[in-house]
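Asks: Mind having a look at this structure? Questions to follow.
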Amino acid sequence: MDLINDNIMQYAEDHSQAESELLKELQKETHQKVLKPRMISGHLQGRFLSLISQLIQPEKILEVGTFTGYATLCLAEGLKKNGAIHTIEINEELLDFQRKYFDKSDFKKQIFGHHGDAKKIIPELDFNFDLVFIDADKSNYCIYFDLILPKLNKGGIIIVDNVLWSGKVLYTNITDKDSETLGLKNFNNKVNASKAVETLLLPIRDGLMICRKN
């Protein structure tokens, strides 16, 4: 299900800041060499993440789900000079690909990659975050939210990807076998009912949920 007309999407990209040559190269190689390349954040969403990060100017960023590192580099554009982004990826096969592009960037000393299960890694991080981006296994979004919220500074922002799931969140006959759609519906309901955060669901690409900690 295409949530936005392709021509409108192209027009939006054409009238947004251009992505860097490094990001263009990363996106091209992702589509050439990596399975499920549509998982990449891409131009428009990447510029959105970059702009939010630059507005906040975070000292610490957490990313759950690195994939090939496109969103990581976009988020890093807003870091303070002494800031850092910690990104977690469970797929070991992607680590060398990520590091190749991280090392080519201006942020190579500010990006710290973690390999493994985010549910185990997040509790081990002994610092708080100003900005968080979640784009990982959808069935665990509620768990990630509960782990991250205590570590999010007051006024901090959580951005969560794929919360519309190609429109599947509108389905009413979801079974337990469809754990990802069920997980997303539960997450959307959970954060919308939470008094700990303000929420806004944006129909950008596959849906972005923005949460601000009260």
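Asks: With the condition kept exactly as written, say whether any residue in the range 137-152 is surrounded by fewer than 15 Cβ atoms within 10 Å (Cβ to Cβ), out of contact with any Ser or Thr (no Cβ under 6 Å at 6 or more places or on another chain) and not in a helix (DSSP H, G or I). Show your work before the answer.
Replies: Keep residues of the range 137-152 that are surrounded by fewer than 15 Cβ atoms within 10 Å (Cβ to Cβ), which gives 146, 150.
Next, from what is left, pick out any that are out of contact with any Ser or Thr (no Cβ under 6 Å at 6 or more places or on another chain): 146, 150.
Next, only the ones that are not in a helix (DSSP H, G or I) stay: none.
Looking through the range 137-152, none of the residues is surrounded by fewer than 15 Cβ atoms within 10 Å (Cβ to Cβ), out of contact with any Ser or Thr (no Cβ under 6 Å at 6 or more places or on another chain) and not in a helix (DSSP H, G or I).
Asks: Looking at Phe102, Phe107 in this structure, which one is aromatic (Phe, Trp, Tyr), over 23 Å from Gly183 (Cβ atoms) and open to solvent by 30 Å² or more (accessible area, probe 1.4 Å)? Step through it out loud before you land on a result.
Replies: Numbers: Phe102 fails: open to solvent by 30 Å² or more (accessible area, probe 1.4 Å).
Step by step, each of Phe102, Phe107 is checked, and only Phe107 is aromatic (Phe, Trp, Tyr), over 23 Å from Gly183 (Cβ atoms) and open to solvent by 30 Å² or more (accessible area, probe 1.4 Å).
Asks: Restricting attention to the range 115-133, and to residues there that are in contact with a strand residue (DSSP E or B) (Cβ under 8 Å, 6 or more places away or on another chain) and open to solvent by 60 Å² or more (accessible area, probe 1.4 Å), which single residue is nearest to Leu23 (Cα to Cα)? I'd like the intermediate steps shown before the answer.
Replies: The first filter runs over the range 115-133 and keeps only residues in contact with a strand residue (DSSP E or B) (Cβ under 8 Å, 6 or more places away or on another chain), leaving 115-116, 118, 121-122, 125, 127-133.
Subsequent filtering for residues that are open to solvent by 60 Å² or more (accessible area, probe 1.4 Å) retains 115, 128.
On the way: His115: 22, Asn128: 28 Å.
Restricting to residues being in contact with a strand residue (DSSP E or B) (Cβ under 8 Å, 6 or more places away or on another chain) and open to solvent by 60 Å² or more (accessible area, probe 1.4 Å), the top hit is His115.
Asks: Return a yes/no flag: does the range 14-23 have any residue that is touching a Phe, Trp or Tyr at 6+ places or on another chain (Cβ under 9 Å), surrounded by 16 or more Cβ atoms within 10 Å (Cβ to Cβ) and touching a residue at least 40 places away in the same chain (Cβ under 8 Å).
Replies: Yes, that holds for at least one residue.
Asks: Return yes or no: is Phe112 open to solvent by 10 Å² or more (accessible area, probe 1.4 Å), modelled with pLDDT of 95 or more, outside any strand (DSSP E or B) and aromatic (Phe, Trp, Tyr)?
Replies: Details: open to solvent by 10 Å² or more (accessible area, probe 1.4 Å): yes; modelled with pLDDT of 95 or more: yes; outside any strand (DSSP E or B): no; aromatic (Phe, Trp, Tyr): yes.
Here the answer is no, as Phe112 does not meet what is asked.
Asks: Right, here's the next one. Scan the range 38-50 and tell me whether some residue there is crowded, with 18+ Cβ neighbours inside 10 Å, of a type in the set (A, V, I, L, M, F, W, C), within 18 Å of Phe107 (Cα to Cα) and in contact (Cβ under 8 Å) with a residue 24 or more places away in the chain.
Replies: yes
Asks: Just to be sure I understand, how many residues within the range 1-25 are among the aliphatic types (A, V, I, L, M), at pLDDT below 95 and in a helix (DSSP H, G or I)?
Replies: Summing the residues that are among the aliphatic types (A, V, I, L, M), at pLDDT below 95 and in a helix (DSSP H, G or I) in the range 1-25 gives 3.
Asks: Now, a different point. In the range 183-201, what count of residues is obtained for those that are surrounded by fewer than 18 Cβ atoms within 10 Å (Cβ to Cβ) and outside any loop (DSSP other than H, G, I, E, B)? Write out each step before concluding.
Replies: Step one: list which residues in the range 183-201 are surrounded by fewer than 18 Cβ atoms within 10 Å (Cβ to Cβ), which gives 186, 189-190, 192-196, 198-201.
Those left that are additionally outside any loop (DSSP other than H, G, I, E, B): 186, 189-190, 192-193, 198-201.
Result for the range 183-201: 9.
Asks: If a residue has to be open to solvent by 50 Å² or more (accessible area, probe 1.4 Å) and not in a helix (DSSP H, G or I) to count, how many in the range 154-180 make the cut?
Replies: Residues in the range 154-180 being open to solvent by 50 Å² or more (accessible area, probe 1.4 Å) and not in a helix (DSSP H, G or I): 8 in total.
Asks: Right, something else. Test Gly207 against the criterion of being modelled with pLDDT of 95 or more and either of a type in the set (Gly, Ala, Ser) or in contact with a Pro (Cβ under 9 Å, 6 or more places away or on another chain) (or both), and give yes or no.
Replies: On the way: modelled with pLDDT of 95 or more: no; either of a type in the set (Gly, Ala, Ser) or in contact with a Pro (Cβ under 9 Å, 6 or more places away or on another chain) (or both): yes.
So Gly207 fails the test.
Asks: Follow-up question, since we're still on this one. Leu75 - would you say it is more than 28 Å from Leu201 (Cα to Cα), open to solvent by less than 60 Å² (accessible area, probe 1.4 Å) and either part of a loop (DSSP other than H, G, I, E, B) or of a type in the set (A, V, I, L, M) (or both)? Steps first, please.
Replies: Details: more than 28 Å from Leu201 (Cα to Cα): no; open to solvent by less than 60 Å² (accessible area, probe 1.4 Å): yes; either part of a loop (DSSP other than H, G, I, E, B) or of a type in the set (A, V, I, L, M) (or both): yes.
Criteria not met by Leu75.
Asks: Shifting gears a bit: When you scan the range 26-37, do you find a residue that is farther than 22 Å from Cys211 by Cα, open to solvent by 70 Å² or more (accessible area, probe 1.4 Å), at pLDDT 95 or above and of a type in the set (Val, Ile, Thr), even just one?
Replies: Within the range 26-37, not a single residue is farther than 22 Å from Cys211 by Cα, open to solvent by 70 Å² or more (accessible area, probe 1.4 Å), at pLDDT 95 or above and of a type in the set (Val, Ile, Thr).
Asks: For Ile85, which of the numbered conditions (1) touching a Phe, Trp or Tyr at 6+ places or on another chain (Cβ under 8 Å); (2) part of a loop (DSSP other than H, G, I, E, B) fails to hold?
Replies: Tallying (1) touching a Phe, Trp or Tyr at 6+ places or on another chain (Cβ under 8 Å); (2) part of a loop (DSSP other than H, G, I, E, B), Ile85 fails exactly one: (2).
The values are calculated or read from the model by the stated rules, or taken from the named source; none is laboratory data. Because the structure is a prediction, the values reported are computed rather than measured. Using ideal geometry, Cβ is built from the backbone for each residue, glycine included, and neighbour counts are taken over all protein chains shown. Accessible surface areas use protein heavy atoms only, side chains included; no ligands, DNA or RNA. Shrake-Rupley method; radii C 1.70, N 1.55, O 1.52, S 1.80 Å.
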